[in-house]
1. Got at least one residue in the stretch B:116-129 being at pLDDT below 90, at the interface with chain A (Cβ under 10 Å from one of its Cβ atoms) and either on the phi > 0 side of the Ramachandran plot or open to solvent by less than 20 Å² (accessible area, probe 1.4 Å) (or both)?
2. From B:Leu149, B:Leu161, B:Leu203, which residue is open to solvent by 10 Å² or more (accessible area, probe 1.4 Å) and under 30 Å from B:Ala223 (Cβ atoms)?
3. I need the full set of residues from the stretch A:53-73 which are among the β-branched types (Val, Ile, Thr) and more than 7 Å from chain B (Cβ to nearest Cβ), in order please.
4. Going by what's in this entry, would B:Leu213 be described as aliphatic (A, V, I, L, M) and more than 17 Å from the chain's Cα centre (by Cα)?
5. Among the residues of the stretch B:40-60, are any of a type in the set (Val, Ile, Thr) and in contact with a Lys or Arg (Cβ under 9 Å, 6 or more places away or on another chain)?
6. Give the number of residues within the stretch A:92-101 that are open to solvent by 50 Å² or more (accessible area, probe 1.4 Å) and either of a type in the set (Val, Ile, Thr) or under 20 Å from the mean Cα position of the chain (by Cα) (or both).
7. Considering only the stretch B:145-167, I want to know if a residue exists there that is out of contact with any Gly (no Cβ under 7 Å at 6 or more places or on another chain) and within 11 Å of chain A (Cβ to nearest Cβ).
8. Of all residues in the stretch B:4-22, how many are open to solvent by 50 Å² or more (accessible area, probe 1.4 Å) and among the β-branched types (Val, Ile, Thr)?
Amino acid sequence: MQTVYLVGGMMLVTFFIRYSLLMLPARIRFPAAFQKALGYVPPAVLTAIVVPAVLMPDGRQMHLSWRNPYLIGALLTVLLGRLSRNMLVTIVGGMAAFMLWQWAVGAF
Amino acid sequence: MRTANRRREFFKGARDTLPLVIGAVPFGIIFGTLSGSCGLSAAGTMAMSLLVFAGSAQFIAMGLVGAGTLWPMIVVTTFVVNFRHMLYTATLRNHLRRLPRLWQIILAFGLTDETFAVTVGRYRQPDDSPDKHWYQLGSAVFMYVNWNLCTLIGLVAGRLLQGVGSWGLDFAMVAAFIAMVLPYLKDRPNYCAVIVAGAGALLFNGLPHKIGLMLAALAGVAAGLAADMLAARFSPPVTEREG
């Protein structure tokens, strides 16, 4: 029963967030500065999710070391993205780099 | 003619989302795999992917279920974590507001980070194709089908393979998000936004219910906007310099 409330609640809030602004009357426009600010939302949000995941893989402590495969994997992913400018190469290559590094840290 | 154009937009949207779909594969599988050990039933896990369709929020919810958090608290956390999607809707609103209600409902339901990142580029292209929403639909449908298939695979695999959780498949999300951020990094305001958001996320990491994520994102947006306005003030428009 708890699960029904949980999933139902999560579904409702998520859909509300994604849909509610479309219910505003079509003639209402957002101010120019707000529209400009929206352009910075995706990089800011995604970075705010990624940086702690990479630097604090356990969710508590900073792990600034070459033995942290999340950190090295992320740096290699950035490098790969800069060089290739191709999303597929960046993601697949980044994952491969991460797994290789994780294996190497465990092996040596 | 029109039908052919719609079909073309739909499949182009799906194709352009392929790299992000691949990035979501391990992420979806690991969600299905780990849910059992966190005490979420198979039906609950599947229902979450089918009805909520929000990868990072589902992961965080799963962790909270495992920690014994009460469901209303998890719903509140979901609201905070997913609030960024309201800004996505705000960004796409000019393109979506004239569509029929049913279209709006479907496209809003499927507005994930990935589909937003791909689709916003399509809407910004200067051609006046009247069917750009079909592109968004193609992207969202591909992400949705893939996410649910991967959840299902993970549910099955989790009962067969032991220790999948320690393979580090969660790095897929990191790689996918990095690939989505990189195209933004072409001017100073965007660098400011990203640096401040990243530093803020570390600084506010200890706050409960992922409030730190929201604060860091807002700080990043404010920094980007401030840098943008400073740049506009200190570098006069080209026409003035010529005059």
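The values are calculated or read from the model by the stated rules, or taken from the named source; none is laboratory data. If you're wondering where the values come from, they're calculated on a predicted model, not measured in any experiment. Note that each Cβ is placed from the backbone with ideal geometry, even for glycine, and that neighbours are counted across all protein chains shown. Areas reflect the complete protein model, heavy atoms only, side chains present, ligands, DNA and RNA absent. Shrake-Rupley method; radii C 1.70, N 1.55, O 1.52, S 1.80 Å.
1. no
2. Details: B:Leu149 fails: under 30 Å from B:Ala223 (Cβ atoms); B:Leu161 fails: under 30 Å from B:Ala223 (Cβ atoms).
Sole residue among the options that is open to solvent by 10 Å² or more (accessible area, probe 1.4 Å) and under 30 Å from B:Ala223 (Cβ atoms): B:Leu203.
3. Of the residues in the stretch A:53-73, the ones among the β-branched types (Val, Ile, Thr) are A:54, A:72.
Correct list: A:Ile72 only.
4. Values: aliphatic (A, V, I, L, M): yes; more than 17 Å from the chain's Cα centre (by Cα): no.
For B:Leu213, the condition - aliphatic (A, V, I, L, M) and more than 17 Å from the chain's Cα centre (by Cα) - is not met.
5. First, the residues of the stretch B:40-60 that are of a type in the set (Val, Ile, Thr): B:45, B:52, B:60.
Still in the list and also in contact with a Lys or Arg (Cβ under 9 Å, 6 or more places away or on another chain): B:60.
Looking for residues that are of a type in the set (Val, Ile, Thr) and in contact with a Lys or Arg (Cβ under 9 Å, 6 or more places away or on another chain), one finds at least one in the stretch B:40-60, hence yes.
6. In the first step, residues of the stretch A:92-101 are kept if they are open to solvent by 50 Å² or more (accessible area, probe 1.4 Å); the result is A:92, A:96, A:99-101.
Checking which are either of a type in the set (Val, Ile, Thr) or under 20 Å from the mean Cα position of the chain (by Cα) (or both) leaves us with A:92, A:96, A:99.
Residues meeting the conditions: 3.
7. Yes, some residue in the stretch B:145-167 is out of contact with any Gly (no Cβ under 7 Å at 6 or more places or on another chain) and within 11 Å of chain A (Cβ to nearest Cβ).
8. So the count comes out to 1.
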